[in-house]
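Reviewing the structure listed below.
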Amino acid sequence: MADDGSGVDLKDIEHRMHGALDSLKHEFGGLRTGRASASLLDPVMVDAYGQKMPLNQVGTVSVPEPRLITVQVWDKSMVGPVEKSIRDAGLGVNPVADGQLVRVGIPELNEERRVELTKVAGKYAETARVAIRNVRRDAMDHLKKAEKAGDIGQDDHKKLSEKVQGLTDKAVADVDAALATKEAEIMQV
């Protein structure tokens with residue numbers, strides 16, 4: 001439903017709420033679980049050719065096994081800097097160079113670290129919920145202003161408010177589902 005004179009575009013609201021969920025999923029991708037994920041190395045910057053470059057611009061990152069990430073470095077002279085950058089990134093992993101291939105083994109997580117990661121995941125989820133609620137609040141404010149200005153009647157205000165609340169409930173449920181999935185993944189031994 002597009003803008004109906006109320007100043008509220010439900011598609012835009014839904015899009016903004018999905019943006020919060022997409023952002024959450026991206027943050028979850030960077031959380032290290034017991035399984036290897038290419039996105040784990042996304043924050044790694046390499047000193048290459050006199051400047052800092054993202055790791056994926058100096059080599060191909062792949063996940064051949066559940067506990068192994070490999071980086072196929074394109075330039076032989078960059079193997080050392082890539083290995084050093086991964087080691088210094090504070091990810092708790094130890095890369096090993098093998099020719100032009102850098103192997104990054106993912107160690108098992110201990111119970112204490114798993115609990116810590118679930119708390120971090122919970123914080124990320126709460127941030128996403130707050131962002132969704134902020135979108136809802138903005139939409140509700142728009143509706144109130146439109147009603148006061150006489151652009152929409154009370155009935156339309158109530159109908160649109162219920163639709164906005166429905167979108168909010170669905171988005172929060174999606175965040176909760178994503179959190180439950182991530183927590184299960186983290187706690188999996």
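The values are calculated or read from the model by the stated rules, or taken from the named source; none is laboratory data. Quick caveat: nothing in here was measured; it's all calculated off a predicted structure. Note that we place each Cβ from the backbone using ideal geometry, even for glycine, and neighbour counts take in every protein chain shown. Just the protein is used for accessible areas: all its heavy atoms, side chains included, with ligands, DNA and RNA removed. Shrake-Rupley method; radii C 1.70, N 1.55, O 1.52, S 1.80 Å.
Laid out as a table, the results:
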| item | result |
| --- | --- |
| Any chance T60 is without any contact (Cβ under 8 Å) to a residue 60 or more places away in the chain, in contact with a Leu (Cβ under 9 Å, 6 or more places away or on another chain) and hydroxyl-bearing (S, T, Y) | no |
| Whichever residue in segment 40-58 is touching a strand residue (DSSP E or B) at 6+ places or on another chain (Cβ under 7 Å) and either open to solvent by 10 Å² or more (accessible area, probe 1.4 Å) or over 15 Å from V96 (Cα atoms) (or both) and, among such residues, is modelled with the lowest pLDDT | L40 |
| Condition check for H142: farther than 30 Å from V71 by Cβ, part of a helix (DSSP H, G or I) and in contact with an Asp or Glu (Cβ under 9 Å, 6 or more places away or on another chain) | no |
| Selection within segment 98-118 - of a type in the set (K, R), assigned to a helix (DSSP H, G or I) and either at pLDDT 85 or above or in contact with an Asp or Glu (Cβ under 6 Å, 6 or more places away or on another chain) (or both) | none |
| Among (1) over 23 Å from E65 (Cα atoms); (2) exposed (fewer than 13 other Cβ atoms within 10 Å of the Cβ) - the single one A128 does not satisfy | (2) |
| Unmet requirement for A121, which otherwise passes all of (1) buried (at least 20 other Cβ atoms within 10 Å of the Cβ); (2) under 14 Å from L55 (Cβ atoms); (3) in contact with a helix residue (DSSP H, G or I) (Cβ under 7 Å, 6 or more places away or on another chain); (4) not basic (K, R) | (2) |
| Residue that is open to solvent by less than 30 Å² (accessible area, probe 1.4 Å) and within 30 Å of V93 (Cβ to Cβ), where the choices are L109, L143, L160 | L109 |
| Subset of segment 79-97 that is assigned to a strand (DSSP E or B) and closer than 23 Å to L117 by Cα - its residue that is modelled with the lowest pLDDT | N94 |
| Test: L24 is touching a Gly at 6+ places or on another chain (Cβ under 8 Å) and either modelled with pLDDT of 75 or more or in a loop (DSSP other than H, G, I, E, B) (or both) | no |
| Meets criteria (exposed (fewer than 13 other Cβ atoms within 10 Å of the Cβ) and either at pLDDT 90 or above or in contact with a Ser or Thr (Cβ under 8 Å, 6 or more places away or on another chain) (or both)) for A177 | yes |
| Any pair with Cβ under 9 angstrom, 6 or more apart, that starts in segment 108-122 at a residue that is touching a residue at least 12 places away in the same chain (Cβ under 8 Å) and ends at one that is open to solvent by less than 50 Å² (accessible area, probe 1.4 Å) and of a type in the set (D, E, K, R) | L109/R32; L117/R32; L117/K182; T118/K182; A121/K182 |
